[in-house]
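Contents: one structure, followed by commentary.
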Amino acid sequence: AMNHDIIQKLLDQKDISKITLQASFKNFIKVVFFYINGVDFTFTPSHDKVIKALENIVFGKNEKRNLAVSVAVGFGKSVLCQYFIAWTYCIHKNQTYLYTSHSKENIKKFSKEIKAILESDFIKKLFDIELQDDERSKDNWSIKGAIQRTGLRATTIDSGITGADAGNRVIKDEQGKPLYSGALISDDLIDVSNMNNDLEKEKIVDFYIKKGATRRRTEITPSIIIMQRLTVDDFIAYLKNNEAEDWNFIEIPVLDENDNSIWEQAYPKEKMIKMRDHSGTAMRELFYSQYQQQPIASAFYTFKEEWLQFYGGWNNSMIGNIYITVDPAHSKKKDSDYTAICAIALCEDQNYYLVDMV
């Protein structure tokens with residue numbers, strides 16, 4: 001546990017403390033979180049796993065360029081992101097970040113709290129970090145003494161990101177190879193209320209491909225996604241289906257394989273099991289997606305496999321009512337779905353038959 005005497009000793013031994021905290025993201029959180037909040041940060045093995053993955057990216061030990069972390073509400077994912085960004089500035093001033101989220105409130109709060117970390121007396125005394133005086137906004141700022149486009153730009157996916165960068169080309173090793181210099185960080189790109197809105201989900205993919213990922217300025221600049229799973233076709237599902245070879249996926253369920261809670265204080269075992277075993281479909285879907293990070297198909301959109309069968313011996317006398325269904329295309333892209341038109345017959349045996357399809 002931290003205490004104020006330890007903090008003072010760290011300040012008294014500035015050179016050693018500086019190196020020690022630069023070398024360990026976990027130690028940085030432990031010390032600076034206590035200094036700012038007056039209480040210890042709660043570390044669980046799951047927190048350690050995320051911390052280690054972020055640390056590996058900075059030190060070039062990551063096997064895959066990008067990181068996607070799926071965790072439940074209340075885990076402290078935004079806090080980890082804030083301290084991660086602050087920590088990297090204490091390693092090197094020339095970091096360049098682009099942070100995105102679904103809401104203006106999120107980005108303003110996120111940016112404000114990172115600035116509070118960097119402007120704390122502890123950071124100023126130990127690392128000589130100072131923000132530029134002429135800050136244009138709370139969500140667009142930079143560090144004094146840094147070169148090129150450095151600092152943090154926080155924006156919603158609906159806002160323009162002209163001039164925004166992730167990564168800084170000037171940070172290189174002695175051989176001229178790029179070193180870690182910032183990232184594209186995305187935190188909850190969709191509001192829970194839009195989780196079943198296909199257009200909103202498509203908008204996220206479109207933003208990432210056409211805008212977000214194109215702003216990474218070096219070949220090692222990573223994308224870091226931290227979110228809760230919502231549906232079987234959310235953004236994490238898109239990445240798994242289309243870019244899996246470039247991503248390290250960390251999924252943290254609140255209950256392990258033995259039904260033990262990963263963090264009893266935040267996710268009480270009894271409460272989680274009750275939610276999982278609830279008779280209501282909606283509650284179970286909530287548990288498996290947002291808490292267990294294993295979304296299941298919604299009951300409202302699920303066909304059971306046994307319902308779908310092939311038939312033979314067709315004759316026109318079987319036909320009752322005929323229904324025409326049309327699923328129209330919304331895009332002219334080459335990889336978009338076709339318009340599909342079906343003729344479906346409800347017959348005397350009370351089964352539905354697909355009579356024709358175009």
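For ILE225, the amide hydrogen comes within under 5 Å of the amide hydrogens of LEU67, ALA68, VAL69, SER186, counting only partners 5 or more places away or on other chains and with H modelled in the peptide plane.
Sequentially through region 171-180, phi angles give Karplus couplings (6.51, -1.76, 1.60; θ = phi - 60°) of 8, 9, 8, 5, 8, x, 7, x, 9, 4 Hz, Gly and Pro residues having no value and appearing as x.
Legend: distances between Cα atoms for LYS177/LYS240; LYS30/LYS93; LYS9/LYS112; LYS26/LYS61; LYS93/LYS177; pairs beyond 24 Å are LYS177/LYS240; LYS9/LYS112.
Hydrophobic, long helices, defined as DSSP H runs whose alpha-carbon span along the helix axis is 15 Å or greater and whose mean Kyte-Doolittle value is at least 1.6, do not occur in the chain. The slack in the chain from HIS278 to ILE341, taken as 0.36 nm per residue of separation less the alpha-carbon distance, amounts to 18.8 nm. Taken as Cα centroids, region 232-252 and region 100-134 sit 30 Å apart, rounded to the nearest whole angstrom. In this structure the amide hydrogen of ILE296, modeled in the peptide plane, comes within under 5 Å of the amide hydrogens of SER289, none closer than 5 places in sequence on its chain. LEU11 contributes about 40 Å² of solvent-accessible surface, heavy atoms of the protein only, 1.4 Å probe.
A DSSP coil position with no more than 15 other Cβ atoms inside 10 Å describes the following GluC sites (Glu not before Pro) in region 95-149: GLU119, GLU130, GLU135.
The values are calculated or read from the model by the stated rules, or taken from the named source; none is laboratory data. Fair warning: this is a prediction, and the values are worked out from it, not measured in the lab. Every residue, glycine among them, receives a Cβ derived from its backbone with ideal geometry; neighbour counts consider all protein chains shown. Surface areas here come from the heavy atoms of the whole protein model, side chains and all, with no ligands, DNA or RNA. Shrake-Rupley method; radii C 1.70, N 1.55, O 1.52, S 1.80 Å.
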